[in-house]
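Right, one structure below, let's go through it.
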Amino acid sequence: MEAIMRSFFLSFAKSKFANKLAKKFGHRFGASKFVAGETLHQAIETVSRLNMDGRVVTLDHLGEFVLNEHDANQSAQMVLQTLDAIEESGVQSHVSLKLTSLGLDISKDVCIAHMHAILRRAKDYEIFVRIDMEDYSHCQVTLDIYKELRAHYDNFGVVIQAYLYRTKEDMERLNDYQANLRLVKGAYKESHEVAFPDKQDVDANFLSIIKTHLLNGNYTAIATQDDKIIQATKDFVETNNIAGDQFEFQMLFGICDDLQKQLVEQGYKVRVYVPFGVDWFGYFMRRLAERPANVWFVLKNLFK
Ligand code: FDA
């Protein structure tokens, strides 16, 4: 049953009609549990609040799978404005973005031109930029763009998904770039031909790539709410004397808040992924797919 619901929400996440409709509704149906607000101002307020109790942030202006240049330009402008707002307010935050929001599906060149503008401004402000990893069809081109831009900038990193079979080889190649990686399990609907179908295999691969990347001496962002993986990472860094400034834990806004605070109290660096904006539908559906129990939030909010 869980697998069916997961598959349903992940397919629905890509529905253009539902995405369009959702923009009109605003943050309803419980989406505000996972999304900081519609405006940059609301997002910066959320970052300030999280900073106050010791958590740092990565801000994501929601948007993906953009198919015209006007929307791609708008998305790029929003990322630039987000960088300006972080700089002006002095909050502790990185920026996360999706290459398809910058026009990757229109043309690689359009997307790269936007990335140059973003990374230049981020470098001026000394702000780190994270390229999220999207579905499998964008994996190779995302890594190609990462490698191309790495020749010019070092204030950015990319994401690797443990559920893909190709991940171990990708990590070996990325080691040549001393890549700063966010490691995740993976959030999209992928076929058995490219991704491990069983959760145990994904979890085992996840732990294995965390260990490899840390032992290679690279900066590692372990992005998960899975307390077993978090505990195993804590044990591993202690046994292998890995310095506290070589890794951080990352979690999603609105999920496992107590665990986030607990880790900060224990002295670990915790970065919260804070999404904002009107284009919330795809992100929200992926959160429902991860935990069908979240559907209760939707149902409760429908009848409010
Ligand atoms: P798992 O799904 O096994 O969940 C472990 C526990 O965490 C659950 O038992 C539950 O308690 C809690 N939990 C997990 N998801 C929840 C939810 N939605 N609601 C409530 N509780 C939940 N993916 C991707 O493909 N590309 C990317 O760029 C990113 N980026 C990213 C950044 C950050 C900071 C995080 C934390 C995650 C991502 N992801 C991602 C998503 C990632 O791939 C994965 O889908 C989710 O993190 C859920 O997996 P867990 O590792 O938490 O484990």
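The values are calculated or read from the model by the stated rules, or taken from the named source; none is laboratory data. These numbers were taken from a predicted model, which means no experiment stands behind them. Glycine also receives a Cβ, built like all others from the backbone with ideal geometry; neighbour counts cover every protein chain displayed. Surface areas here come from the heavy atoms of the whole protein model, side chains and all, with no ligands, DNA or RNA. Shrake-Rupley method; radii C 1.70, N 1.55, O 1.52, S 1.80 Å.
Entry remark, segment 256-270: residues being open to solvent by 10 Å² or more (accessible area, probe 1.4 Å), in contact with a strand residue (DSSP E or B) (Cβ under 6 Å, 6 or more places away or on another chain) and within 13 Å of the ligand (Cβ to nearest atom) number 1 in total. Residues considered: S96, S75. Of these, the only one that is among the hydroxyl-bearing types (S, T, Y), within 18 Å of the chain's Cα centre (by Cα) and open to solvent by 10 Å² or more (accessible area, probe 1.4 Å) is S75. For beta carbons closer than 7 Å, sequence separation of 6+ or different chains, a first residue in segment 74-85 that is free of Cβ contacts under 8 Å to residues at least 40 places away in the same chain and farther than 13 Å from L119 by Cα and a second that is open to solvent by less than 40 Å² (accessible area, probe 1.4 Å) and small (G, A, S), the qualifying pairs are S75/G63; S75/S101.
Selection of segment 189-204 for residues being within 12 Å of the ligand (Cβ to nearest atom) and touching a helix residue (DSSP H, G or I) at 6+ places or on another chain (Cβ under 8 Å) yields K189, E190, A195, D203. Please verify whether segment 113-135 includes one or more residues that are touching a strand residue (DSSP E or B) at 6+ places or on another chain (Cβ under 9 Å) and either on the phi > 0 side of the Ramachandran plot or aromatic (F, W, Y) (or both). Scanning segment 113-135, I find at least one residue that is touching a strand residue (DSSP E or B) at 6+ places or on another chain (Cβ under 9 Å) and either on the phi > 0 side of the Ramachandran plot or aromatic (F, W, Y) (or both), so the answer is yes. For S191, the stated conditions hold: it is under 20 Å from D135 (Cα atoms), at pLDDT 95 or above and more than 19 Å from the chain's Cα centre (by Cα).
Of all the numbered requirements in (1) within 14 Å of the ligand (Cβ to nearest atom); (2) within 30 Å of S89 (Cα to Cα), T142 misses one, and that requirement is (2). In segment 209-221, the residue that is nearest to S7 (Cα to Cα) out of those that are open to solvent by 30 Å² or more (accessible area, probe 1.4 Å) and touching a residue at least 40 places away in the same chain (Cβ under 8 Å) is T212. Residues in segment 157-188 that are of a type in the set (S, T, N, Q) and open to solvent by less than 40 Å² (accessible area, probe 1.4 Å) were compared, and the one that is nearest to the ligand (Cβ to nearest atom) is Q161.
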